[in-house]
Structure formats: C-alpha cells, structure tokens
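K.L.:
I have a structure I would like to understand better, so I am pasting it below and will then ask my questions one at a time.
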C-alpha cells in the first residue's frame, strides 16, 4: 500500500486505512476523510497535502498524511 504523502498532484486515490490515534482519526472523520473515500491530490507541498473530495477541499498536514494508506486508482 502507498502513503498519502507520497502521491503526486492529479493522482486519484482511495483511502484504505488511517493508522492514527483515535483523537486524530476522529478529527479527520469530521472533515470527511475516512476509509473508503475517493480523493484527488490537488497539491503536495513540503508541509501539507491538499485533497479534493467532490466539491470539498481539505488540507492535511504531512505528519498525518504519513499515516494514511491509499490505493491508487
């Protein structure tokens, strides 16, 4: 499996697993980022990863993105 932080701009991915403590996982769930979600990478800079999910845009920090496992579609 690949990590979210390793994906390139324009990549379509499906989130498989979020390997974070419960409190951080709940925060991501509140933003709409959960297992089974399809996301598109809009920006992957040194500090954060910007995701598109439908009409929503979410910025995820690099530390958190290192623990999100995805499958490239």
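The values are calculated or read from the model by the stated rules, or taken from the named source; none is laboratory data. Computed from a predicted structure; not experimentally measured. When we count neighbours, we look across all protein chains shown, and the Cβ atoms used for this are built from the backbone with ideal geometry, even at glycine.
K.L.:
Report yes if some residue within the range 35-42 is more than 19 Å from residue 12 (Cβ to Cβ) and either without any contact (Cβ under 8 Å) to a residue 60 or more places away in the chain or assigned to a strand (DSSP E or B) (or both); otherwise report no.
P.N.:
Among the residues of the range 35-42, not one is more than 19 Å from residue 12 (Cβ to Cβ) and either without any contact (Cβ under 8 Å) to a residue 60 or more places away in the chain or assigned to a strand (DSSP E or B) (or both), which makes the answer no.
K.L.:
Considering only the range 27-46, state which residues are over 18 Å from residue 2 (Cα atoms) and either in contact with a helix residue (DSSP H, G or I) (Cβ under 8 Å, 6 or more places away or on another chain) or modelled with pLDDT of 95 or more (or both). Lay out the reasoning, then the answer.
P.N.:
From the range 27-46, those over 18 Å from residue 2 (Cα atoms) are 27-32; that's our starting set.
Within the range 27-46, 28 is the sole residue that qualifies.
K.L.:
Also: Among the residues of the range 13-29, count how many are within 18 Å of residue 59 (Cβ to Cβ) and touching a residue at least 12 places away in the same chain (Cβ under 8 Å).
P.N.:
6
K.L.:
What residue, among those in the range 47-73 that are free of Cβ contacts under 8 Å to residues at least 40 places away in the same chain and touching a helix residue (DSSP H, G or I) at 6+ places or on another chain (Cβ under 7 Å), is nearest to residue 3 (Cα to Cα)?
P.N.:
48
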